[in-house]
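The values are calculated or read from the model by the stated rules, or taken from the named source; none is laboratory data. Computed from a predicted model, the values in this text were never measured in an experiment. Note that we place each Cβ from the backbone using ideal geometry, even for glycine, and neighbour counts take in every protein chain shown.
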Amino acid sequence: MRLWRQLQRYGYVLIAVGIALLIIGLRQLGGLQGAELKAFDRQVRHHTSKDGLSEVVVVGITETDIRSYNRWPLSDGTVAELLAKLQTYDPKVIGLDIYRDIEHPPGQGRLQRQLAKENVYGVYDLGIGVDPDSSSPAPIGMTPDRTGFADFVADTDGVVRRNFMFASVKPDDFYSLGLRVSLHVLRDRYGPNIFDPKGTGLNIAGQLFPTLDANTGGYQNEDMAGYQVLLQYKTQNDGIRQVSLRNVLDDQVDPAWFKDKVVLIGTVAPSIKDIFFTPFTRNSSSVGMTPGVVIHAHVVNQILSIVEKKYSLIWTWNQWQEKCWILLWCLIGGGLAWHIQSLVRLLLTSAIAMLTLTAIGWGLFALDGWIPTIPPALGFSLVASATIAYQVFYRTFYDSLTSLPNRFSSIKQLQHHLDQQNDSKAMVALLLIDLGRFKAVNESLGEKVADRLLQIVAERIVYHLPKASVARVGSDQFIAILPSIHHPQTATDITEHLRSNLMDSISINGNPVKTTISIGIAFHPKGKNYPAHALLQDAYHALGKAKNKGRNSQAIFQEDMRTHSVSQFQLEMDLRDAGEDQQFQLYYQPILDLNIGKIAGFEALIRWQHPNRGLVPPIEFIEIAEDTGMILAMGEWILKEACSQVQQWQQQFPQQPPLFIGVNLSSRQFLQPNLATTIANIVHHYRLDPRGLKLELTESVAMNDVDSAIQQLTYLKDEGLHISLDDFGTGYSSLSYLHRLPIDSLKIDKSFVDRMETNQENENIVGTIVTLAQRLNLDIVAEGVETIDQARLLKGLQCQYAQGYYFSKPVPRNQATKLLSQNKIWQIDDV
């Protein structure tokens, strides 16, 4: 039991671990790669500058250049003239990013002489991803050590984010153009032996370039052939110095721009299609895409700047560090949702947490670190949402103090045992355990001691009845379901053992606590169609008899305890005549709009004015009406009477929005196939706006057959009627179906409103239900408001409507009319 309570106390940890594993698995399958790469691109754009590259100049062949020569490819003579002109400016090295694998006369000889110079490098195409036969060889006559491949590696979304520097396929080594050009510059500075490919990366002039692996950063199972690093875009494309071919040949440039610089020649004309998507250009249009020669410029700038220690490579965490990072944020999300009960505080804290995560990701990227932000943000949100849903579910169906099922869950569990009884000789035994003098313990020793006493008693019941299903059904009452008893004496012996040991030697905080227990026992033999609530009622009858015997007693339910059955039969006979004799009347309980403190509508409640018994409450005859089918005629009468009355009130007391009337639908009514048509005809007859009639049905009715309920509710909604789910949270599994039900409002059960002003748990449950309703765009009505403090708390929780004895008990028509005529305003705000 204590272990179970600990699991409940830290249940968000299990939720966080489970969702973290889910996120990590989804990530490893590549499901989040696209989002992570987009986040990477946003960070790149944010952290780059518009300053030019200090060591690189791009000579771009533009559309104007091509039109001026009226040919493409350009002739060998034109390219030779360009190279010769550039050599006069004394550049450090020239990289020709134009394929010259075949001759383009005239000027072949002149071009060969220019390409032979030791500071000129050319390109070839490896043919990555295409037929190798279609690849382009190196320029004619150029030695292999002055050629490099022009291929770029694009990610799955077509964006170039990686610098493919080098590949080795024995006996050949393959250098990129950017690497060849950079090595030429660096050898002049650091000597000839500056390049050493290792298994983990490339050593260039003493600087290690660690190669990417298939799961680096946001990548998952990517092709990382050869030696690749993340491309460090430190400068935006429009910040790179670019001149055109005609600018150079027409002497429209400053020679100082080129002296001791890396000069890269390539096409920037979109028609040549040597353009690529980069983090700067993610759209599908060719306009704004980055020319290949500009990407080569970024590559050269990256290699030279890193070797010169002007900046570092982009670093990442290993897989375990990233997994721990994701788990951490899942735990943070669950911890906040678990411990912060106020929705406003939770939303504010969550927003701060997300801003912190974003700031960490962007801040580390400024320091050249790429860490996951999308997976932890997703994990944080999912865990927080799942934790809230779990808390709503748990608090609805379990007792938070003892971690036992509550009354509503226990009824369902008991019914399950009754339905599953297969042994003809076996019986289900129900023990109802009541603590004596519990109120005195609470008042004398305090609430904490009383709570601890309940926990100890719960633990001991579970310990002494290991085969029983135990639940807490009242403030000081527990039930134990013994699902298979073959003889009543067995249950009696078990009860004796429990009574002898349950309250023995209880000490709390060093103080002995002595109290007694009374136990009522009820049996259910197989073959009797007996509902769970009736068996529980039998146990209550037996408990009453046990208490009458004195403290620390037990009693077994006997048939003679049902002496009221005769009167019940007579009540049924009288009920059949009540409608014809007009003994029924409607009482109306006001429903207040808490925002303005005025009556917004009423709930219509039937009363039976018996000629001999006086006013009979519904609890004594509604079940009989349900069982006999009389509820159908009764329900139709209630609808007609309520619609007629609210229509009169709307005319007599006009307001905006108009007054509404709430009418309860019984389970038998709800199953009528023509229910929607019947109600629509009634509404039409009394010329009532359908929205002025609010049909209320309980969770048990809606959850009995969810699919059929949804269909019936849809028919009612099609007629424009307002649907309200009554007694929300009273033990049925509606949470998983709530979003599917076509309803308009929820009514919070009185059991949750009780003691809100003194019980934080009750207040939290109500707040959670209100939040759930708001998220589902539902109206919310609180029942059973009996104090001004409850009304104020509900208003503070943004509950829209409330009803209860604090405002008014259900009253006859004339008194309800008087309330409306008084136009009373209840002052709910604190004075």
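If you take the residues of the stretch 374-389 that are of a type in the set (Ser, Thr, Tyr) and either without any contact (Cβ under 8 Å) to a residue 12 or more places away in the chain or surrounded by fewer than 19 Cβ atoms within 10 Å (Cβ to Cβ) (or both), which of them is nearest to residue 749 (Cα to Cα)?
Here the residue is 385.
Conditions first: (1) out of contact with any helix residue (DSSP H, G or I) (no Cβ under 8 Å at 6 or more places or on another chain); (2) modelled with pLDDT of 85 or more. Residue 470 passes all but one, so which condition is the exception?
Answer for residue 470: the failing condition is (1).
Of all residues in the stretch 786-803, count the ones that are farther than 16 Å from residue 745 by Cβ and among the hydrophobic types (A, V, I, L, M, F, W, C).
Looking only at that region, the number is 3.
Taking the stretch 496-525 as the search range and keeping residues that are without any contact (Cβ under 8 Å) to a residue 12 or more places away in the chain and not acidic (Asp, Glu), which one is surrounded by the fewest Cβ atoms within 10 Å (Cβ to Cβ)?
My answer is 510.
So which helices (runs of 4 or more DSSP H) stay within the stretch 717-831 end to end and still have 2 or more residues that are closer than 25 Å to residue 398 by Cα and out of contact with any helix residue (DSSP H, G or I) (no Cβ under 7 Å at 6 or more places or on another chain)?
In the stretch 717-831, 735-738, 750-753, 760-775 are the helices (runs of 4 or more DSSP H) which contain 2 or more residues that are closer than 25 Å to residue 398 by Cα and out of contact with any helix residue (DSSP H, G or I) (no Cβ under 7 Å at 6 or more places or on another chain).
Are any of the residues in the stretch 313-335 surrounded by fewer than 21 Cβ atoms within 10 Å (Cβ to Cβ), part of a helix (DSSP H, G or I) and in contact with a strand residue (DSSP E or B) (Cβ under 7 Å, 6 or more places away or on another chain)?
no
Which one is surrounded by the fewest Cβ atoms within 10 Å (Cβ to Cβ) among residues in the stretch 590-617 that are under 20 Å from residue 669 (Cβ atoms) and within 42 Å of the chain's Cα centre (by Cα)?
605
I'm trying to understand the selection: among the residues of the stretch 18-49, which are over 24 Å from residue 358 (Cβ atoms) and either in contact with a Leu (Cβ under 7 Å, 6 or more places away or on another chain) or in contact (Cβ under 8 Å) with a residue 12 or more places away in the chain (or both)?
The answer is 29, and nothing else.
Among the basic types (Lys, Arg), modelled with pLDDT under 80 and not in a helix (DSSP H, G or I): is that true of residue 687 in this structure?
The answer is no for residue 687.
Condition check ((1) buried (at least 20 other Cβ atoms within 10 Å of the Cβ); (2) modelled with pLDDT of 90 or more; (3) touching a strand residue (DSSP E or B) at 6+ places or on another chain (Cβ under 6 Å)) across all residues:
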{"residue": "180", "(1), (2), (3)": "yes, yes, yes"}
{"residue": "196", "(1), (2), (3)": "no, yes, yes"}
{"residue": "201", "(1), (2), (3)": "yes, yes, yes"}
{"residue": "205", "(1), (2), (3)": "yes, yes, no"}
{"residue": "210", "(1), (2), (3)": "no, yes, yes"}
{"residue": "219", "(1), (2), (3)": "yes, yes, no"}
{"residue": "223", "(1), (2), (3)": "no, no, no"}
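Determine which single condition residue 311 fails, assuming it passes every other condition in (1) of a type in the set (Ser, Thr, Tyr); (2) under 30 Å from residue 267 (Cα atoms); (3) under 27 Å from the mean Cα position of the chain (by Cα).
(3)
In the set 360, 306, which member is crowded, with 20+ Cβ neighbours inside 10 Å and either of a type in the set (A, V, I, L, M, F, W, C) or in contact with a Pro (Cβ under 7 Å, 6 or more places away or on another chain) (or both)?
306
What are the residue pairs meeting all of these: first residue in the stretch 116-136, first residue in the same structural domain as residue 266 (by TED's automatic domain parsing) and under 16 Å from residue 292 (Cα atoms), second residue modelled with pLDDT under 95 and exposed (fewer than 12 other Cβ atoms within 10 Å of the Cβ), Cβ atoms under 7 Å, and 6 or more apart or on different chains?
Going by the 7 Å Cβ cut-off, the qualifying pairs are 127/134.
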